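A short write-up of the structure that comes next.
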Amino acid sequence: MPRASLEKRPHEVAAMFDEVAAKYDRTNDVLSLGQDRRWRRAVVEALDVRAGERLLDLAAGTGTSTEPFADAGVLAVPCDFSLGMLHAGRRRRADLAFVAGDATRLPFADGAFDAVTISFGLRNVGDVDAALAEMRRVTRHGGRMVVCEFSHPTWAPFRTVYTGYLMRALPAVARRVSSSPDSYVYLAESIRAWPDQRGLARRISGAGWTDVEYRNLSGGIVALHRAVRA
Ligand SMILES: C[S@@+](CC[C@H](N)C(=O)[O-])C[C@H]1O[C@@H](n2cnc3c(N)ncnc32)[C@H](O)[C@@H]1O
């Protein structure tokens, strides 16, 4: 059963997502207790893309994060490097123009998009700084970026309870609903090792993005980071 390590070697990460692809969306709904739908609506609001604008949804997986944009008339391009996730996406939403591509070497021209977003993907990329730089390269001047990613609850008592859920309950539940429960051990470990809200904001600024700001969702279980391409 493939399970990526925290070194996040690209072929291991892609193989892990190939394995979970078939049950990915159902497992997400169960493990997030339905919260993921609310988080996705918040991404759409934060990005404020208009019909006719071009949007890159990076690490789009099965296209679940792309759908709300496409449904609003945005020219949304889902891109991912797991062929298993892309195939599952094509079966679900044949109307979306899925593109195979690695976040650290994007197959798009400079300034090709009005906006770029990545949901629950950046944490899995081996070279986060390279991905943030690539996202900036393909965004036009004045364009926007939103990163939606698991983060760290801000209230200490809640953080303790949540860490217990992540490390114990989540892998146990995943054993019942996922096709690859080991990958949910990786999920828990990778969330714990991920930078906190301010740490990620610094990384985004370091990659050349400006006007970086963030907002917490569900008490900081998830954070949305927003930035502008100067
Ligand atoms: C948890 S899924 C998120 C999918 C989707 N964005 C969503 O919100 O449901 C993470 C995705 O990141 C993709 N990914 C990880 N590293 C990547 C990379 N370097 N380039 C492209 N995609 C990558 C994986 O293949 C996987 O489909």
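At a glance:
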quantity	calculated
All positions within the range 56-76 that are buried (at least 24 other Cβ atoms within 10 Å of the Cβ) and outside any loop (DSSP other than H, G, I, E, B)	Leu56, Asp57, Leu58, Phe69, Ala76
Matching strands (runs of 3 or more DSSP E) fully within the range 125-230 where at least 2 residues are of a type in the set (Asp, Glu)	210-217
Test: residue in the range 148-158 that is surrounded by 18 or more Cβ atoms within 10 Å (Cβ to Cβ) and among the aliphatic types (A, V, I, L, M)	no
Failed criterion for Ala88 (all others in (1) near the ligand (Cβ under 8 Å from one of its atoms); (2) open to solvent by less than 30 Å² (accessible area, probe 1.4 Å); (3) farther than 18 Å from Met145 by Cα; (4) not in a loop (DSSP other than H, G, I, E, B) hold)	(1)
Qualifying residue in the range 173-184 (condition: out of contact with any strand residue (DSSP E or B) (no Cβ under 9 Å at 6 or more places or on another chain), surrounded by fewer than 15 Cβ atoms within 10 Å (Cβ to Cβ) and in contact (Cβ under 8 Å) with a residue 24 or more places away in the chain)	no
Enumeration of residues in the range 93-114 that are closer than 25 Å to Phe150 by Cα, more than 8 Å from the ligand (Cβ to nearest atom) and outside any strand (DSSP E or B)	Phe98, Leu106
Residue match in the range 159-171 (condition: touching a residue at least 12 places away in the same chain (Cβ under 8 Å) and within 22 Å of Ala60 (Cα to Cα))	no
Residue in the range 1-21 that is farthest from the chain's Cα centre (by Cα), counting only those that are away from the ligand (no atom under 13 Å from the Cβ) and open to solvent by 70 Å² or more (accessible area, probe 1.4 Å)	Met1
Residue in the range 115-122 that is surrounded by 14 or more Cβ atoms within 10 Å (Cβ to Cβ) and away from the ligand (no atom under 13 Å from the Cβ) present	yes
Considering residues of the range 123-143 that are near the ligand (Cβ under 9 Å from one of its atoms) and open to solvent by less than 10 Å² (accessible area, probe 1.4 Å) only, the residue farthest from Ser183 (Cα to Cα)	Ala131
Yes/no for Val44 being away from the ligand (no atom under 13 Å from the Cβ) and either assigned to a helix (DSSP H, G or I) or open to solvent by 50 Å² or more (accessible area, probe 1.4 Å) (or both)	no
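The values are calculated or read from the model by the stated rules, or taken from the named source; none is laboratory data. Treat the numbers as computed from the prediction; the structure is a model and nothing was measured. Every residue, glycine among them, receives a Cβ derived from its backbone with ideal geometry; neighbour counts consider all protein chains shown. Note: accessible area is taken over every heavy atom of the protein model, side chains too, but ligands, DNA and RNA are not part of it. Shrake-Rupley method; radii C 1.70, N 1.55, O 1.52, S 1.80 Å.
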